[in-house]
Structure formats: structure tokens, C-alpha cells
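FYI, it's all coordinate maths here, none of it is from the lab. Computed from a prediction, not measured in an experiment: that's the story for all the values here. All Cβ positions, even for glycine, are placed from backbone atoms using ideal geometry, and neighbour counts span all protein chains on display.
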Amino acid sequence: MHWLDWMVIGAYFAGLIGIVWWSSRKQDTSADYFLAGRNIGWFAIGSSLFASNIGSEHIVGLAGSGASTGMAMAHWEMHAWVMLLLGWVFVPFYYRATIFTMPEFLERRFNSKVRWILSVVSLVAYIFTKVSVTVYAGALVFQVLLPEMQLTLFGHVWGPFWIGAFATVILTGIYTIFGGLRAVLYTDTAQAFILLVGSFFITFFGLKALGGWGELRAVCSDRAAELALWRPMVQAGSELPWWKNGDFPWLGIVIASPIIGIWYWCTDQYIVQRTLAAKNLTMARRGAIWGAFLKVWPVLIFLVPGMIGWALHQKGVLVIPAKVVNGETVAAIDGDQVFATMVMNLLPRGLRGLVVGGLLAALMSSLSSLFNSCASLFTVDIYEKIHPEASERHLVTVGRLATGVIVLLGMAWIPVMYKVAGGGLYQYLQSVQGYLAPPITAVFLLGLFWKRINAQGALWGLICGFVLGMLKLTIQANFSTMDPTKMADPALLSAIGDFNFLYASGALFVISVAVIIAVSFLGKAQDEASIAGLTYASLNKKEVRETIGRFDVILTAATMALVLGMYLYFSFWLR
């Protein structure tokens, strides 16, 4: 790192401090702290949706996935069409309900028990998956960028991994605690710009060093089957049955990708909270559409650079470290170090600092969003239910304390994450989410579009789906006939462990839907007056249509055209 790089990073932090100071001046009520006073415009909402989604695990993990599996993960990154569903289908229900959280919406539609289950599961999932994975990925890059950084504290020498991990968590925690969602939204807007520009330069200089797009296609054509967007249900020459194929079979992608996408983009507090902060329904919808337009680009600026890094390694231009687990080399390159290696070796001075700033932006925007969403879930869905007499100022204080506790829990989990994550972070995250998403997606879809679904059906659908999902995850971690480090007996458990996570996600969704419908029909239908405006049949569609502008339609059409264009191009680009 050159002094010019440090100046760029310093300027980034100075701007960040100014935004946080301005944002933190008015935090008197819970609406101010958790929803930025419900007075945010569409541009900030869409930018925050994009920046919150693109964390360091995306930059690091997607580049690693590009190097190792090519376009396999692109299906998740072309979920712009699912974000359009958020704006056009889901947001009208959420915004008109004037809610703070997604569990609160489920209480309005069903009952408080359903709300409690989703709140607790969401909090646990955030702390032990998103927070820890995001911090781990960011710290991994610090380890490559600043290998000689050391700090002696409490009689122990701390290396760049730990310094980077703890520094970013603490700094992000501080500005989230004081600034609330307003600080998160406005810093995200600036960070989205830095993220896009910085990552564009990685792609640009990478292609320049390689010899252009044509050269990338030529090098990748030798691995066309491995790097393809669509994979066969059974690999060529493989003796494994279709349901054991772990190489992202096309049918599994078609089944699981929408389930995970709808859960993440349309029902997850971490994402949807931004649209709830809008000035009005028009701004909420337009913000989701703008976020969808930004979401189209990660394939080109995060995933493709991974393939460029692999190609440069093949040609001897770059040397990417091998993947080592427990002292043994298990792969020719460590995918999770591709991005950092490209930054250090390809970018000129100054630009390197900008890209590192982009990485910090990704890390901090995701963490700040997570911290604020966790604080919202705890304060509104748990604490306020136990202490309904609490004042607005008291709730803001509790929210700040909850954020601090979540920061500490995330830091405590880092050493565990350091041991269990040997690489492939993005794939790891998607597989875990594949088991969390099905019951939540099923409850929201059925609850919105079928008024006959009742509270008991939703309750048991969530319980059964979560229990089965965690059971599959536990068995998968311990039993397999394909992994010699795991147990092969009994045969039934190893078969469940080997069952492809994409198909398993689809099976969990079908089971959850069946349980929800069956239990709902065993009981009485809910009173229609109690769910007015919370189902599609009872929504005032004329009032919603009056909030739609021409710009919304044009931007939606442009986004869909880009998504379809990318699908068509990358389906055939190596043939």
C-alpha cells in the first residue's frame, strides 16, 4: 500500500464521519432510529438495497466462485427480477401496514406466536451466518493486503486478519449505534458508488492484463463444462445419481434459486427495512426498482473478475496462493484470495486505495445494515412486546444497547468462523440460506395470496420447515458416502447428507406448503375483517395503481431487458 492509497482511504473515512454526524442529529423516536423517520427518497433506498446486499463476502466469495465454478453462482446475482417482485408485489402490503419489521407483519396477518418464531430464528441466523461470514471475508482480504501489519495487545501479537476483523466491526458498530437507519441509508448511498467504481477498475485492468474479452473466452473455453451457466443434472463420466450431483445442476438451480431469492429480497428484515423508511408508497416501490437495476451488474464486476484472475494465473501473469486446509494443499488456487491478489498486483497507486475503500464500503454497509436490522428485531419484536409501556426515547436507548451486544456477539463468533471456513464462503452461505428460506417463503406467499391460510397453518409450517432444515444441515455436516472425513453409516443418514442442497431446498418448500395448507384446513378460517388489506384479495388495487409513475415502468422494462440479455449471452458465451 502506497501513501496515496492511504490518502484515498482517509478521505473515504472523513466523508463517512461527516455523513454519520449529520445523520445522528435527530434520533428522538423509534421511527427516527429504526426507519429514518419514514422520510427517505427512492435513490437512497435503492442504493442502500444494493450496498447492503453486496458485502465483503460477495466481493471475496463471488470472485472465488468465478475462479472455481465459473458462472454457477450468477443465477443468484441475476435476482434483479426478484427485487422487482419486492417493489411491485410485496411493498404495497408492507408499506400500507405501517410496520417496523417483517415479524410484525406476520403478527398482523396471523398472530403473535408466528411473529416470535420468525424474530428469534432471524436473529440467530443473522449473528451466526451473515455477521460472521461478512467479517471473516473482509478480514481475509486484510490478511493479503497488509501482511506485515501487527499489533501487540494484552501480551499477544495480533496479525492483519484479527486487526482488520475487529477494527471494522467496532467502527461500523459505533456509527450504527449513533446514527441509526438514517446513517446506514446515507452512508450506503456513497458506498454503492465507491463499490461500483472500484470493482469496475478491477474488471478493466484485469481484462487489460489478460488481453481482452476474447482472450478470456479462449482461456475459459478449455473449462467450458465447469464454468458454464447451466450445468447438466448428471456430470459427464460421473457414476453418481442425479440427486447426489453437487455441481449446481440446472434443475436444482431452477427450483431453489427463486425460493431463496424471494425469501431474501421480499421477506427478510435485513433488506425490506429500507423500503419501509420511504416517504410514500411511490418512493418505496421506485427504490426497490432502482435497487434491482443496480443488482444487474455484480455478475460483470464481481463474478467475471474471478474468472479473469483464474485465467491470469493459468497464463503465469498472477500467482494466486493454493488452498491449504490443516496444512495440506487441497486445491491449486484458493478462490477466496483471488480478489485481494488482483488488487495488489494489477491496480496502480491511488486506485488500489479506492478499491480497498470499496471493500471497506462493502464490509461496513453490510455490517451496519445487519446491526440495525438485528436491533430493530430485538427492540420492536421482543423487548417492546415484553415492555409495552416503554417510552420512545427508552426504545431508542434499548436499540443502541442491542446493537452493541450484537457487535460483541459477532466478534465472539469470529474465531469459530475462522476455524470452520476454509474457503468457498459464498457457496457456504447459499447452502445455509437454502435451508432457512423455504418455510419463510412458503408462509409469506400463501399468507398474501390465499386468505384461507390461518395462524395455526403458518405456525406449524414454520416450525416443521425450520426443524427439518436444521436436521438436514446437521446430517450433511456429519454423514456422507462421498466425503471420507464423514461417517457413511447408517446408509439412510448418508443418503440424506448427500442429497443436493438445491433439491433439498425445493423439498423443504413443498413440505412446508403442504403442512401450512393441511393444518389451515383442519381449523377455522380467519375473520376477514382482521386481515383486511393484508391479502391480495382485500388490497385496494385502485389506490395502489394511482401511485405508479411512468419512470417506474421504464426502469422496470430496462432492468428486465438487461437480465434477459445477460441470461441469453452467458448461456452460450463459451460455445
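Worth pointing out:
- Farthest positive-ward along the chain dipole, Cα basis, beta-carbon charges - from Phe499, Gly70, Ala529: Ala529
- Pairwise FRET efficiency - His2 versus Ala331, Cβ, R0 = 35 Å, nearest 0.05: 0.65
- Proximity of backbone amide H atoms, modeled 1.01 Å from N, is registered between Trp158 and Leu151, Thr152, Leu153 at under 5 Å, excluding neighbours fewer than 5 places apart on the same chain.
- Ranked list, fewest to most other Cβ atoms within 10 Å of each Cβ, for Asp483, Asp527: Asp527, Asp483
- Each Lys and Arg Cβ is given +1 and each Asp and Glu Cβ -1; about its Cα centre, the chain then shows a dipole of about 1180 debye.
- For Ala278, the residues 5 or more places off, or on other chains, whose built amide H falls under 5 Å of its own are Ile40.
- Applying 0.36 nm per residue to the separation of Asn39 and Arg96 and subtracting their alpha-carbon distance, the gain on full extension is 19.0 nm.
- Rounded to the nearest Hz, the phi-derived 3J(HN,Hα) couplings of segment 91-107 under the Karplus curve 6.51 cos²θ - 1.76 cosθ + 1.60 (θ = phi - 60°) are 4, x, 5, 5, 5, 5, 7, 6, 9, 9, 9, 5, x, 5, 5, 5, 5, where x marks glycine and proline.
- Relative contact order (%) - the chain, alpha-carbon pairs under 8 angstrom, separation at least six: 28
- Rounded D (µm²/s) - segment 51-131, Kirkwood Rh over Cα pairs, Stokes-Einstein at 37 °C, 0.692 mPa s: 215
- Subtracting the Cα-Cα distance of Lys542 and Ile386 from 0.36 nm times their residue separation leaves 52.3 nm of extension gain.
- Neighbourhood charge, 11 Å Cβ-Cβ cut-off, centred on Leu4 and excluding it, Lys, Arg +1 and Asp, Glu -1: +1
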